[in-house]
1. For the range A:69-116, what are the residues that are more than 14 Å from chain B (Cβ to nearest Cβ) and in a strand (DSSP E or B)?
2. Which of the numbered conditions does residue B:68 fail, given that it passes all the others? Conditions: (1) open to solvent by 70 Å² or more (accessible area, probe 1.4 Å); (2) more than 10 Å from chain A (Cβ to nearest Cβ).
3. Looking at the range B:111-127, is at least one residue assigned to a strand (DSSP E or B), within 14 Å of another protein chain (Cβ to nearest Cβ) and in contact (Cβ under 8 Å) with a residue 60 or more places away in the chain?
4. Show the residue pairs meeting these rules: Cβ distance below 9 Å; 6+ apart or different chains; first residue within the range B:231-244 and open to solvent by 70 Å² or more (accessible area, probe 1.4 Å); second residue part of a strand (DSSP E or B).
5. Consider the range A:84-95. How many of its residues are over 15 Å from residue B:254 (Cβ atoms) and either among the small types (Gly, Ala, Ser) or more than 21 Å from the chain's Cα centre (by Cα) (or both)?
6. Kindly indicate which of A:93, A:72, A:54, A:66 is without any contact (Cβ under 8 Å) to a residue 60 or more places away in the chain and either open to solvent by less than 50 Å² (accessible area, probe 1.4 Å) or in contact with a strand residue (DSSP E or B) (Cβ under 8 Å, 6 or more places away or on another chain) (or both).
7. Within the range A:23-53, how many residues are modelled with pLDDT of 65 or more, more than 12 Å from every other protein chain (Cβ to nearest Cβ) and in a helix (DSSP H, G or I)?
8. Which residue, of B:80, B:61, is of a type in the set (A, V, I, L, M) and out of contact with any helix residue (DSSP H, G or I) (no Cβ under 6 Å at 6 or more places or on another chain)?
Amino acid sequence: MAGLKDDAQWIVLMGFVVSFSLFFIAIVLNQSTVIGQTTAEAVLEFPKNDIRGVRDVIIQSEFLKVNNIRDVNNISNVQNDIRTLSLSRQNSVVNISSTQPTISNPYTTVDIHYNNGVMIYNEIWRSK
Amino acid sequence: MMGKNNRVSCTSGVSESIGFLLIFTIVIAGIGLVTLYGYPMLLKQQTSADEQIMEKNMIVLQNDVKSLAYKTIPYKETSLRIGGGVLTVYNSTYTPASSSIKIYDQNNIIYENSFQSGELRYSSDSAGTDISLQNGAVVMRRHVEPGSVMLAEPRWFYDSQTNTMVINLVNITSTGMMAKMGVGTVQMELGETQFLKTDTPPLTAEVYLEYTPDPVQDYSIAWNNYFQKTLGMTLISGTPGNGAMLKYQLPPTNTLVIKQYEVNIRSL
């Protein structure tokens, strides 16, 4: 083996380094096909505006008045419409129940329940 | 006295030709191993990558259907690459139907009579699997094994506070049979929407759902898991997985909401 130069050993070493790094990149790429879908979906699914809209209308509907007296018939009609509309347009179940002010508790309280299959929102709203 | 000839050199006994032979053998063995084991492994990787990409693509398509149905967006378009198989539209008039759903109560009032959903089905010839987007869900099955699994659930739900069951049926329509391989664009639009809400003074009657799968393309195990585990229905009759009709009883329901969305696949 006289006269054999081994200055080029680094080529073999580079070969190893490149092939191992390719191997790891392949693993990483393989994993990345599935990730990234669910997170984006979760953000899109959050029905912030739907909840805000429904909540506003419900609270307004509680204070419908005729000649300064609470208009019970209209309130129940409007709230039934809210239930049906949110089911047909927003695909969400909305439930409303309220308690009227008494002498001991001078506030209107509205229980709002919202469920669209992905998230459930419950609120007890109280007039200040 | 040691002569010049008696000195033991560090390279004596080393033959260049034997060394060459050794290295050559190692190289040939390496190439042989790669072709024998490495190449099939690469192919297998490719197949499973194709399958995984299609799984993801089907979930993307399901999201499109969701946007059309629940967010009332009129039109959606998605480009995707279909590798290792074919994506086909079977519309809701195609026979045999992918599944048929009937909803009625114990007084025999029928709310939905044999609803057929149609499906978008990816059939992989290399991996031997079918992935189907049907009724708003993504389900998968192997060609040779009886089981099936649900990759993404449909948006049916039961609100236990108001005892409301909301059932969203998605009806896939198209002008004809369409199929696609390679890179393509799926265009879909929202068609008619039907809305049925029943809360005729508290509906105390028991409500039943009948699910009849396609005996060949049988996804009943996946649907059975969904009905029982997620929605809390109880199986009354039938065995999932043998292609026969399954009958379920819904959890106590005061309000039953059945919505039907028509999703029209314009082109693939």
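The values are calculated or read from the model by the stated rules, or taken from the named source; none is laboratory data. Quantities reported herein were computed from a predicted structural model and do not represent experimental measurements. No Cβ is skipped: glycine too gets one built from the backbone with ideal geometry, and neighbour counts run over all protein chains shown. SASA here: full protein model, heavy atoms, side chains in, ligands and nucleic acids out. Shrake-Rupley method; radii C 1.70, N 1.55, O 1.52, S 1.80 Å.
1. Residues satisfying the conditions are A:69, A:70, A:98, A:99, A:109, A:110.
2. Tallying (1) open to solvent by 70 Å² or more (accessible area, probe 1.4 Å); (2) more than 10 Å from chain A (Cβ to nearest Cβ), residue B:68 fails exactly one: (1).
3. Scanning the range B:111-127 turns up no residue that is assigned to a strand (DSSP E or B), within 14 Å of another protein chain (Cβ to nearest Cβ) and in contact (Cβ under 8 Å) with a residue 60 or more places away in the chain.
4. Pairs that qualify, where the first residue is open to solvent by 70 Å² or more (accessible area, probe 1.4 Å) and the partner is part of a strand (DSSP E or B), are B:234/B:248; B:234/B:249; B:236/B:208; B:236/B:246; B:236/B:247; B:236/B:248; B:236/B:249; B:239/B:246.
5. Of the residues in the range A:84-95, 3 are over 15 Å from residue B:254 (Cβ atoms) and either among the small types (Gly, Ala, Ser) or more than 21 Å from the chain's Cα centre (by Cα) (or both).
6. A:93
7. So the count comes out to 7.
8. Matching residue, one of B:80, B:61: B:61.
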